[in-house]
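J.: Below is the structure I would like to discuss, written out as structure tokens.
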Amino acid sequence: MLHLAVHHLVVDGVSWRVLLEDLDRAYRARREGRDGRAALPPKSSPLRQWARRLSAYAAEGGFDDEVAYWTGAIAHAPADLPTDGRTTGDGTGTYASARSVTVRLTPEDTSVLLRTLPQTYRTRVNDVLLSALGRVLCAWTGHERVLVDVEGHGREELFADVDTSRTVGWFTTRHPVALAVLPDASWDAVLKQIKEQLRAVPRHGVGHDVLRHLARPGTLPDGARAQVSFNYLGRFGLPDTDGGLYAAPFRPLE
């Protein structure tokens, strides 16, 4: 058995798909007596090229048209969550006192989430999950809006001559979203509103941290920082055919 471990600072979730596909292709080719390297698809643009182009584009003001959106999107949005007030003195409120909570859906609920709801409402899984999250957080905090950091894959098609579809590296981006949920709003209304909010985010959010860290200092003023981070990793499809390098213990949902 071969065990592979790569730190998340080096590769993101999309990179694992590329690596596993390449390993499987090369393994099948070598087993059939062919050159494993020749069986691999052409590589896409290197991470260094993407980073340099992104930095140059930011320095040239390429994301300046997003400043008004990001300033308005997070202005006055509540970020603080209710706490018990014990943050100092006895060790509580520290990393050492943190606890993890894991919740799993049944196969039936998972099927509804991944298939039924997106098809019924013509939306994405992300929209459904963030709608549920926004509804819970707003009810908990008593606010009509709550700030949440949303992570994305970061491989946006910004430059015609840069292709990162098969590039291995860490592209993950994070941007704030002020989820707005009115009290007593129906599920249909909440989902529609959150869906419209997410579609309004320019360039899928890649510009937020670019403006904060790569553009001219002060281009994006400091705002409230979210205390909740949301990351939907998507579905990893493993091959269900015989003879491959790796396989799933069960047939995954399509």
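The values are calculated or read from the model by the stated rules, or taken from the named source; none is laboratory data. These numbers were taken from a predicted model, which means no experiment stands behind them. Every residue, glycine as well, gets a Cβ built from its backbone with ideal geometry; the counts of neighbours run over all protein chains shown. Heads up: the accessible areas ignore ligands, DNA and RNA and are worked out on the full protein's heavy atoms, side chains in. Shrake-Rupley method; radii C 1.70, N 1.55, O 1.52, S 1.80 Å.
J.: Where does each of 193-204, 28-39, 95-106, 170-181 land if you order them by average Cβ count within 10 Å, highest first? Kindly include the intermediate steps, with their values, before the conclusion.
T.: Numbers: 193-204: 16.6, 28-39: 12.2, 95-106: 6.3, 170-181: 21.0.
Those peptides, ordered most packed to least, come out 170-181, 193-204, 28-39, 95-106.
J.: Looking at the range 156-211 from every direction and averaging, what is the projected area of its Cα convex hull in nm²?
T.: Answer in nm², one decimal: 5.4.
J.: I've got another one for you. Return the carbon/sulfur percentage of the accessible area of the range 1-41, one whole number, probe 1.4 Å, all protein chains in place.
T.: Carbon with sulfur: 58 percent of the solvent-accessible area.
J.: Considering only protein heavy atoms, what per residue accessible area in square angstrom results for the range 1-41 with a 1.4 angstrom probe?
T.: 76
J.: For the full complex of protein chains and a 1.4 angstrom probe, list GLU60, GLU156 by accessible area with the highest value first.
T.: Of GLU60, GLU156, the descending order of accessible area is GLU60, GLU156.
J.: Residues with amide H under 5 Å of TYR232's amide H, sequence separation 5 or more or different chain, H placed in the peptide plane at 1.01 Å from N; which?
T.: So TYR232 has HN proximity to GLU151.
J.: What's the whole-number percent of alpha carbon pairs in the range 1-41 lying beyond 13 angstrom?
T.: 58
J.: Take VAL112, VAL67, VAL190 and sort them by solvent-accessible surface of the protein heavy atoms, 1.4 Å probe, largest at the top. Mind dumping the intermediate values first?
T.: Working: VAL112 65, VAL67 35, VAL190 0 Å².
Listed by decreasing accessible area, they come as VAL112, VAL67, VAL190.
J.: Tell me, what is a quarter of the convex hull surface for the C-alpha atoms of the range 1-154, in nm² with one decimal?
T.: Its average projected convex-hull area is 16.6 nm².
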